[in-house]
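Q: There's a structure below that I have some questions on.
The values are calculated or read from the model by the stated rules, or taken from the named source; none is laboratory data. The structure displayed is predicted, hence computed values, not measured ones. Virtual Cβ from ideal backbone geometry, glycine too; neighbours counted across all protein chains shown. Calculation scope for accessible area: heavy atoms of the full protein, side chains included, ligands and nucleic acids excluded. Shrake-Rupley method; radii C 1.70, N 1.55, O 1.52, S 1.80 Å.
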Amino acid sequence: MSLYHRPIPIFWWLERRSYLVFVLRELSSVFIAWFVVYLLLLINAVSGGSAEYERFLDRSGHWWVVAINVIALLFVLLHSVTWFGLAPKAIVARLRGRRVPPRQIAVAHYAAWLVLSAVIAWVILR
Amino acid sequence: MSAFHDVLVIGGGGAGLRAAIAVAETNPRLRVAIVSKVYPMRSHTVSAEGGAAGVAAADDSLDEHAYDTVSGSDWLCDQDAVEAFVAEAPRELLRLEHWGCPWSRQPDGHTAVRAFGGMKKKRTWFAADRTGFHMLHTLFQTVLSFPEVVRYDEWYVTKLLVDNGRTYGVVAIELATGRTETITASAVIVCTGGCGRVYPFTTNANIKTGDGMALAYRAGAPLKDMEFVQYHPTGLPFTGILITEAARAEGGWLLNKDGYRYLQDYDLGIPEPTPVMRSMELGPRDRLSQAFVHEFDKGRTIDTPYGPIVHLDLRHLGAELIDAKLPFVRELCSQYQNIDPVTELVPVRPVVHYMMGGIHTDIHGATPIQGLYAAGEVACVSINGANRLGSNSLPECLVFGTRAGRAAAVFAGQYGGAIPPAILAQGRDEEDRLERELTRHAEEGRERIADIRTEMQTAMENGAGIYRDGDSLAKAADELQELRLRFADAAIDDHSRTFNTELVALLELSFMLDVAESIITCALQREESRGAHQRTDFPARDDERYLAHSLVHREPDRHGRRVQYLPVTITRWPPGERVYGR
Amino acid sequence: MADQITLEVARYRPGLDTEPVMQSYQVPLREHWAILDGLTYIKDHLDGTLSFRWSCRMGICGSCGMTVNGDPQLTCATFLTDYAPGPVRVEPLRNFPVVRDLVVDIGDFMEKLPTVKPWIIRDVDSPVEEGEYLQTPEELDEYKQFSMCINCMLCYSACPVYALDPSFVGPAAIALAQRYNLDSRDEGAADRDDVLTSPEGIWACTFVGECSAACPKDVDPAAAIQRYKLTAATQAVKNLLLPRGAR
Amino acid sequence: MTTRRPPAPEPFLWLLFSAGGMIAALFVPVLLFLFGVAFPLDWLTAPSHAHLLAVLQNPITRLVLFGLCALALFHWAHRFRYTLYDGLQLKRFSVPIILFCYGGAVIGSIISAYLLLRV
Ligand SMILES: Cc1cc2nc3c(=O)[nH]c(=O)nc-3n(C[C@H](O)[C@H](O)[C@H](O)COP(=O)(O)OP(=O)(O)OC[C@H]3O[C@@H](n4cnc5c(N)ncnc54)[C@H](O)[C@@H]3O)c2cc1C
Ligand code: SF4
Ligand code: F3S
Ligand code: FES
């Protein structure tokens, strides 16, 4: 029998929109890593004293740093949205013996996200 | 080439899988194999929706199940077979439960049962409305736990090898490669299912082409009660997709063009808002399908591009019940008919559904050919007589699949051994014949097999439909005769060895022509009306002459057929009137 | 509505073609006609050499899966009118070797399926005479969804991980393993664990989720896999932290 | 389980990945928005050095931030590893990829611990 095996293109994820979204979702992790680096630079600057901190603020205003951060923010949002969308699939929560519908789990995630974001913003901006 | 197995099962549907397990359980040392033209989980058992009958409730009894079956069959079944059947069905259904079948449950955890047509008590076990699907997958997955069961998936059996009144195996084609092989065995169990595809409009899948009936018939085994073809009253008009009887058991109504529950006009009871057992919409299938024809004659059906229809009304059941008990009905209606049964009427018409007749077997599944067994829809034991009750067929596959498996295992254990040279020669001849079929009529412009098939189906519908008579049957017989001549001349375009589905279609058509002829022959000879066989020229049941099974034999020398009658076995229920709704 | 529609069908004739070629056919465009009706029309009236599998034509046997305009579909449950005015591209399911035309080789799945032991495993079988194993409707609901798999292979065809690494056990097989793991009558979860937690099992899945998007029966194999990841990970932590007896 | 296998790393890596994914999904958007976009573009006034220092000196903050950094890095490591395997079909280089990804996460976590302790 001579079977035909369809070759897989290197950029297979350009073939379907959903695959592209998947690869972008996976790439969001790079921007999360970038955020960690950025955060550590900030922490380093804060512990270096107020002059260091000011320098950090200046540098963070450079157009290209802002550009990176805007892109990173978009990816991070993609991460959050897809994460909250998928998490209910893995989690089976039970309330009084009844299985909580996946939709409600997703809603709970979004609510937690909102509250936490508000708390963090309050702590920082207080 | 030749492989050997102690027991070879042809068919991987409900009956075949159950039989294979029974062989393995009876004697684990036996080498058992399943040959199937499709992967087992694609077998048509997968389509069964409504449920499987077996006495379970405390207020029910085996005798009642037996009586419902006997009267439903218009007294044409063998009552010893029915008694064995009703006694073993519950155990088989429990067996399936232990193997993991997701039966629908009562709140306390016991399996649930529902009402079904022609049954006086609730005794139909169900897995929502995908019963056959769940049963088949449970059986298939359970078979996977028996590593000793060998499978030939997507192998097409073309011939039974018989020498001196005993079978020794088959010849089959491996579809993927086109390789033909002689597979020898001490015992063979035919479980190839029904033959709905000899008709144009059927609930049956593409694969239900009566292969096993023709295989056995050609090998010399008689076919029994072939004139009894069941029409199911509720199929979707274009596709013929079945809307299960469970829809009526849960409370659906049949309405004619005027929104009138017309069954009350046909001695089937008086309309009540909730379902009443053995009454109205829960009458037997033959009577309901016949009522449709009368409505049509009175001009009270609705014309559509796909023929006359009536309506199945489920709207009053509500979304919750429909989603819980009939989810597949809702899915099928929305997908294939673009309607939602929760708010709309479902158009339905009678559709060819099931073959009561089949290979003649005894109560152990044994055919007159030594070593050859049959079970499931392909066989006629008979528990279905002139009309099968809905939900009796799935348990029949289990009960008689098991019986045939056990009997075959015992036979194979006793009579193993040498394969006569004549068998191997037969095998080689068949392989040569298949080679010739593959290259048959390479020229252009020949007759197409699809055309012959379509004409055969039309001939059957016109000649041997819900109502038939001597003239219509004789005409169909002539047409079939002519189609047979044309078939000899038909061509196939495809001469490839790899997955040649056209070759399969050709072989199936040749099997179907045999089956069609046997149906017409038996129907012509039976000059009475009983169950699904309604002769307008002989409208009454005639127990004097025809309380008997027809057996049609092939007569190779006389280029024809011979019909013989075999008395019905009656144990406890003498023939009586079939009463529904009164 | 035009009364014809063009089907562009992938043809692959082993031995003759080195790769599939597309061939166009005109078929009637009628209400209620599925893609499959178009294909049988071709086979019956235009070209008997076209090969494809089908049987039940009611979306339950799982044999008619193909790639329609790039998406994995059951061709008996996908309708021509939804693709009007066409043309419609019909190709074999992706990610499987093509045997011929629209027929693919699913032998790989058939070999993997038994490895996850998709059958009831009990420490002690109780005899049938003692009646059924009790199971409440709620317990049934726990695994019901995963028992709806018709083995149509659309999920394998949609999963890029399977495309890249055919040794991946894959969505339907894992979902079926979960179907038994979650069945209150089953005690075989430990027996299935080895295969499921092997590198070719659940951990190979990166939760692309396309399997569930493609599944015509709402089985949601992606959920089955992620749930088992959680189960397996929790178990691993327990194994690490707790002494043997306490597990 | 009858025979005991040595614990495979995959479940633990997956747990770290999942925890990281969850914590990143919850915490990162707001932090990145504030420090990466809103303050630099002067949509909001950046907090004073003293305030931030005070916040950072709170042990709870430090603990949370350490968790965030370490888990987010493991989240990256795990996902990025599979992105390289699948997206670029580099599975044949799995050993260096694993070393790079998880190694990076470990080193990153050590650095973040150091920086947070130093505040
Ligand atoms: C739509 C529908 C709904 C139904 N609902 C119900 C119901 O609710 N309750 C009920 O009791 N009954 C029902 N029935 C009837 C019942 O499903 C069937 O009678 C029963 O499933 C037949 O099973 P089987 O094992 O005999 O054959 P099948 O399941 O048809 O299996 C036949 C097997 O034989 C193989 N085969 C055939 N020919 C060959 C060959 N030449 N070579 C190799 N292999 C071959 C096939 O591959 C297949 O594996 C229904 C039937 C239909 C059509
Ligand atoms: S999980 Fe869904 S898509 Fe996959 S084989 Fe089963 S039914 Fe088909
Ligand atoms: S698409 Fe594949 S990667 Fe996982 S979630 Fe589904 S199996
Ligand atoms: S033909 Fe059976 S699923 Fe399509």
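Q: Select from the range B:37-76 the residues that are over 17 Å from residue B:133 (Cα atoms) and within 14 Å of chain C (Cβ to nearest Cβ) and write down the one among them that is farthest from ligand 2 (Cβ to nearest atom). Quick ask: steps written out before the conclusion?
A: Filtering the range B:37-76 for residues over 17 Å from residue B:133 (Cα atoms) gives B:37, B:54-76.
Add one more test, that the residue is within 14 Å of chain C (Cβ to nearest Cβ), and what stays is B:37, B:54-58.
Working: B:37: 21, B:54: 28, B:55: 34, B:56: 30, B:57: 34, B:58: 38 Å.
In this case the residue turns out to be B:58.
Q: Hey, among C:44, C:37, which residue is closer than 23 Å to residue B:502 by Cα, acidic (Asp, Glu) and over 27 Å from the mean Cα position of the chain (by Cα)?
A: C:44
Q: Checking the condition in a helix (DSSP H, G or I) and surrounded by 24 or more Cβ atoms within 10 Å (Cβ to Cβ), which residue from B:390, B:401, B:318 passes?
A: Only one candidate qualifies: B:401.
Q: So which residues in the range D:31-64 are assigned to a helix (DSSP H, G or I), facing chain A (nearest Cβ under 9 Å) and open to solvent by less than 20 Å² (accessible area, probe 1.4 Å)?
A: D:31, D:32, D:34, D:35, D:36, D:37, D:52, D:56 - these are the residues of the range D:31-64 that are assigned to a helix (DSSP H, G or I), facing chain A (nearest Cβ under 9 Å) and open to solvent by less than 20 Å² (accessible area, probe 1.4 Å).
Q: Let me ask another. Would you pick out the residues in the range B:522-533 that are crowded, with 22+ Cβ neighbours inside 10 Å and over 17 Å from the mean Cα position of the chain (by Cα)? Outline the logic, then answer.
A: Filtering the range B:522-533 down to residues crowded, with 22+ Cβ neighbours inside 10 Å leaves B:522-523, B:526, B:529-533.
Those that are crowded, with 22+ Cβ neighbours inside 10 Å and over 17 Å from the mean Cα position of the chain (by Cα): B:522, B:523, B:526, B:529, B:530.
Q: Related question: Can you tell me which residue within the range C:77-136, out of those that are among the polar types (S, T, N, Q) and at negative phi, is nearest to ligand 2 (Cβ to nearest atom)?
A: In the first step, residues of the range C:77-136 are kept if they are among the polar types (S, T, N, Q); the result is C:78, C:81, C:95, C:115, C:126, C:135-136.
Remaining after also requiring at negative phi: C:78, C:81, C:115, C:126, C:135-136.
Numbers: C:78: 14, C:81: 24, C:115: 16, C:126: 30, C:135: 22, C:136: 25 Å.
Applying the filter and picking the extreme gives C:78.
Q: All but one of (1) more than 27 Å from residue D:56 (Cβ to Cβ); (2) of a type in the set (Phe, Trp, Tyr); (3) more than 9 Å from every other protein chain (Cβ to nearest Cβ) hold for residue A:75; which doesn't?
A: (1)
Q: Can you find a residue in the range C:173-186 that is surrounded by fewer than 24 Cβ atoms within 10 Å (Cβ to Cβ), of a type outside the set (D, E, K, R), at pLDDT 95 or above and within 15 Å of the chain's Cα centre (by Cα)?
A: no
Q: A further question on this structure: Which of the following residues is outside any helix (DSSP H, G or I) and either over 24 Å from the mean Cα position of the chain (by Cα) or among the β-branched types (Val, Ile, Thr) (or both): B:340, B:323, B:362?
A: The match here is B:340.
Q: I'm checking my understanding of the structure. Among residues of the range C:188-207 that are within 14 Å of chain A (Cβ to nearest Cβ) and either open to solvent by 10 Å² or more (accessible area, probe 1.4 Å) or within 8 Å of ligand 3 (Cβ to nearest atom) (or both), which one is nearest to residue A:82 (Cα to Cα)?
A: So the residue we want is C:207.
Q: Output the number of the condition that residue C:210 fails; it satisfies all remaining conditions of (1) within 14 Å of chain D (Cβ to nearest Cβ); (2) open to solvent by 10 Å² or more (accessible area, probe 1.4 Å); (3) in contact (Cβ under 8 Å) with a residue 12 or more places away in the chain; (4) touching an Asp or Glu at 6+ places or on another chain (Cβ under 9 Å).
A: (4)
Q: Further question: Please verify whether residue C:6 is out of contact with any helix residue (DSSP H, G or I) (no Cβ under 8 Å at 6 or more places or on another chain), farther than 16 Å from residue C:99 by Cα and more than 16 Å from ligand 4 (Cβ to nearest atom), treating the condition exactly as stated.
A: So residue C:6 passes the test.
Q: Here's another thing I want to ask about it. Need at least 3 residues that are touching a residue at least 12 places away in the same chain (Cβ under 8 Å) and over 27 Å from residue B:374 (Cβ atoms) per element, so show me which helices (runs of 4 or more DSSP H) inside the range B:203-311 make the cut, counting only ones lying wholly within it.
A: B:246-249, B:285-297
Q: Condition first: crowded, with 24+ Cβ neighbours inside 10 Å and either without any contact (Cβ under 8 Å) to a residue 24 or more places away in the chain or in contact with a Ser or Thr (Cβ under 6 Å, 6 or more places away or on another chain) (or both). Now tell me which residues in the range B:183-196 satisfy that.
A: Answer for the range B:183-196, where residues must be crowded, with 24+ Cβ neighbours inside 10 Å and either without any contact (Cβ under 8 Å) to a residue 24 or more places away in the chain or in contact with a Ser or Thr (Cβ under 6 Å, 6 or more places away or on another chain) (or both): B:188, B:196.
Q: Between a first residue in the range C:53-66 that is over 20 Å from residue C:101 (Cα atoms) and a second residue that is within 13 Å of ligand 2 (Cβ to nearest atom) and open to solvent by 20 Å² or more (accessible area, probe 1.4 Å), which pairs have beta carbons less than 7 Å apart while being 6 or more apart in sequence or on different chains?
A: Filtered contacts from the range C:53-66: C:59/C:77; C:59/C:216.
Q: Next question, about the same structure. Need the failing condition index for residue C:219 against (1) modelled with pLDDT of 95 or more; (2) within 13 Å of chain A (Cβ to nearest Cβ); (3) open to solvent by 10 Å² or more (accessible area, probe 1.4 Å), just the number.
A: (3)
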